Every structure is written in C-alpha cells, then in structure tokens.
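The block underneath contains the structure these notes are about, expressed in structure tokens.
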Amino acid sequence: MRRFLPLLILPLAACADTTPTPSAPAVTTTEYVRTPADCAKSELAALVVEPGHGYIFGTHAEWLPKGQFVRIRIAITNADNTFHTTRTTDYELDDAAGTAHPVSNDAMAIKRQPTEVTLGAGNRLELDLWYDIPLDTTPKLLRDSVCATTTMLPG
C-alpha cells in the first residue's frame, strides 16, 4: 500500500492551481482632521476645576506631577446633524501667568481618558482633562487650538 501512496498524491498535486493570486490593493484611510468649520456646531463647557492634586493613581499606574495636577471636567455637545471628532490634545490650559499647558499624556492614560472622541449627531459627552502645571499658579481658561476659542473656568 505504501508503494501506491505517491501515485495517489501525484494527481492531486497536478491539479493544484499554480497561478499566483493577485494581492489585495492597499487600503488607505484618511485621518479625520477637525476644522474651524466644525467649531460652529459644537459647544464646550467647563463644569468642574480641581487644582492641587499631588499625585494620581489608576488601575495600572500612579504618577507624581512636576508641579500639580489639575482636573477639568468638560462637556462637549455636538449640535450638528452629523458626527464630529475632537482630540483632547486640542485643548490647552492657560494659567494665571498666561502660560499655555498641554494635557498631560501620562495622567490622561492613567485615568483612562480618551485621546480622540467621535460624537454623533446631537450627542453630549463629559470627560476629564488632566494638566500638569506649576505649583505657584492657578488655572484660568481653556483654549481650543483648532477653533481659536477660549472657555472661562468656573470658580
């Protein structure tokens, strides 16, 4: 029986398709870019400001600030009839001295806050923005770098 095994496999190999299959075309996606035109359809409100956090901790890490952590709870409302995407890196915190501070990527990751959010038509989202600012200053306003608008902070 073993002598006939190659004879059984040989016809199957001869029937195999040896023509190369064309590879699928490369899929290119265009990254969404928020424009100032999107700003007319969205509203930003600062709800809560908590300065003076000496450390933060989450489920997988803890972190000390270079100065102090500031948590700002914001609400973003999409008043348009289509989706809009926003990035947390679009929002800078201006302190009392007029210095702009970007969001703290470390604090945002530890607190598991999104870096990019897509809001559907008519949706509202609340999230926390975390900043690391010097100890000798206080938060004053949020600046949207895409829309070139500012939002006064409560308190």
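Of note:
- Residue within region 57-68 that is β-branched (Val, Ile, Thr) and either at positive phi or surrounded by 15 or more Cβ atoms within 10 Å (Cβ to Cβ) (or both) present: no
- All positions within region 142-155 that are of a type outside the set (D, E, K, R), buried (at least 16 other Cβ atoms within 10 Å of the Cβ) and closer than 27 Å to residue 64 by Cβ: 142, 153
- Yes/no for residue 132 being surrounded by 16 or more Cβ atoms within 10 Å (Cβ to Cβ), of a type in the set (Asp, Glu) and farther than 26 Å from residue 40 by Cα: yes
- The residues of region 33-77 that are within 17 Å of residue 148 (Cα to Cα), among the hydroxyl-bearing types (Ser, Thr, Tyr) and part of a loop (DSSP other than H, G, I, E, B) amount to a single one, 35.
- The single condition among (1) free of Cβ contacts under 8 Å to residues at least 24 places away in the same chain; (2) surrounded by 14 or more Cβ atoms within 10 Å (Cβ to Cβ) that residue 94 does not satisfy is (1).
- Considering residues of region 106-127 that are touching a helix residue (DSSP H, G or I) at 6+ places or on another chain (Cβ under 8 Å) and loosely packed, with under 15 Cβ neighbours inside 10 Å only, the residue farthest from residue 33 (Cα to Cα): 114
- The residues of region 38-52 that are at pLDDT 90 or above, exposed (fewer than 15 other Cβ atoms within 10 Å of the Cβ) and on the phi < 0 side of the Ramachandran plot, listed by number, are 43, 45, 47, 48, 50.
- For region 98-105, the condition of being among the aliphatic types (A, V, I, L, M), within 15 Å of the chain's Cα centre (by Cα) and surrounded by 14 or more Cβ atoms within 10 Å (Cβ to Cβ) holds for at least one residue.
- Residues in region 63-98 that are closer than 14 Å to residue 118 by Cβ and either of a type in the set (D, E, K, R) or touching a helix residue (DSSP H, G or I) at 6+ places or on another chain (Cβ under 6 Å) (or both): 80, 84, 87, 90.
- Which numbered condition residue 72 fails, given (1) within 16 Å of residue 43 (Cα to Cα); (2) surrounded by fewer than 16 Cβ atoms within 10 Å (Cβ to Cβ); (3) of a type in the set (A, V, I, L, M, F, W, C); (4) out of contact with any Ser or Thr (no Cβ under 7 Å at 6 or more places or on another chain): (2)
The values are calculated or read from the model by the stated rules, or taken from the named source; none is laboratory data. Small disclaimer: the values here were computed from a predicted structure and weren't measured. Cβ sites come from the backbone with ideal geometry, for glycine too, and all protein chains shown count toward neighbours.
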